[in-house]
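Scroll down for the structure; my scribbles are underneath it.
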Amino acid sequence: MDAVSDRDFVIEYLGAAAICQMHLSRLSEELVLWASQEFSFIDLPDAFCTGSSIMPQKKNPDIPELVRGKTGRINGALISVLTTMKGLPLAYNKDMQEDKEPLFDTFDTLLTCLTVSARMLEASNLRPEAMRKALDAGFLTATDLADALVETGVAFRDAHRVVGEVVAHCIAQGIELQEISADTLSELTGGDGETLIQSLDPARSVARRDVPGGPAANQVA
């Protein structure tokens, strides 16, 4: 009786599929943002995009948008089967025929999304120069500067305040953090500007985080 009334294998597959599709959706959202003019971090292949019906210059990231949109369909399939099963007593009930359509549709949808996403990524061109340029805005290595001060014996709470003053100086001068001079850095922090200025390099910031789960190149590899 329990065996013929069980659809846990369907529900568990749909749950795993929903999680997988959710991650595909998040990746797709990143690609939509990265492909926009504001970011320009990636150039998606024309075969996976379409033009605009009115704007000839526009390139729409159709595949990432469609993959993102399919997530609701798979989430809905999971909720549909859970809802079908929630009120059924033991043994087979005719309601359970409603598991087939969401199960098969989810399998086809997820396989299609995985396949087309892999092909799109393989054919895409990253723009590392645009990514590198974006690192120069927003004072991204301010924490690294605070860490460098801590390494010289400054308490973090004091380093935090000092770096805040450095950032305020940059904002007042209309410059980014990496544009500050070693002499000015020495004056504002009381430390060795020539040494501290090395901490402002984004590549060094990534490389020094060489711990399990960190972003250093060998960890990512």
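The values are calculated or read from the model by the stated rules, or taken from the named source; none is laboratory data. Source: prediction; values computed, not measured. Here Cβ is always computed from backbone atoms with ideal geometry, including for glycine, and neighbour counts include all displayed protein chains. Note: accessible area is taken over every heavy atom of the protein model, side chains too, but ligands, DNA and RNA are not part of it. Shrake-Rupley method; radii C 1.70, N 1.55, O 1.52, S 1.80 Å.
Here Arg132 does not fit the description of being open to solvent by 60 Å² or more (accessible area, probe 1.4 Å) and modelled with pLDDT of 95 or more. Name the residue that is least open to solvent (accessible area, probe 1.4 Å), counting only residues in the range 173-221 that are charged (D, E, K, R) and part of a helix (DSSP H, G or I). Looking at the filtered set, the residue picked out is Arg204.
Any residue that is part of a helix (DSSP H, G or I), under 30 Å from Ala47 (Cβ atoms), open to solvent by 70 Å² or more (accessible area, probe 1.4 Å) and not charged (D, E, K, R) - is there at least one of those in the range 82-101? Show your work before the answer.
Looking only at the range 82-101, we keep the residues that are part of a helix (DSSP H, G or I), and these are 82-85, 94-101.
Add one more test, that the residue is under 30 Å from Ala47 (Cβ atoms), and what stays is none.
Scanning the range 82-101 turns up no residue that is part of a helix (DSSP H, G or I), under 30 Å from Ala47 (Cβ atoms), open to solvent by 70 Å² or more (accessible area, probe 1.4 Å) and not charged (D, E, K, R).
Residue-by-condition table, conditions (1) more than 17 Å from Pro64 (Cα to Cα); (2) at pLDDT 95 or above; (3) in contact with a helix residue (DSSP H, G or I) (Cβ under 9 Å, 6 or more places away or on another chain):
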residue: Thr109; (1), (2), (3): no, yes, yes
residue: Val116; (1), (2), (3): no, yes, yes
residue: Pro128; (1), (2), (3): yes, yes, no
residue: Ala137; (1), (2), (3): yes, no, no
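Results for (1) among the acidic types (Asp, Glu); (2) over 19 Å from the mean Cα position of the chain (by Cα); (3) within 26 Å of Phe41 (Cβ to Cβ), shown as yes or no for each residue.
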| position | (1), (2), (3) |
| --- | --- |
| Lys133 | no, no, yes |
| Asp136 | yes, yes, yes |
| Ser186 | no, yes, no |
| Thr195 | no, yes, no |
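Against the test of being in a helix (DSSP H, G or I), in contact (Cβ under 8 Å) with a residue 60 or more places away in the chain and closer than 18 Å to Arg119 by Cβ, the options Leu24, Leu66, Leu78 yield a single qualifying residue, Leu24. Scan the range 151-172 for residues that are among the hydrophobic types (A, V, I, L, M, F, W, C) and not in a helix (DSSP H, G or I) and report the count. Number satisfying all stated conditions: 2.
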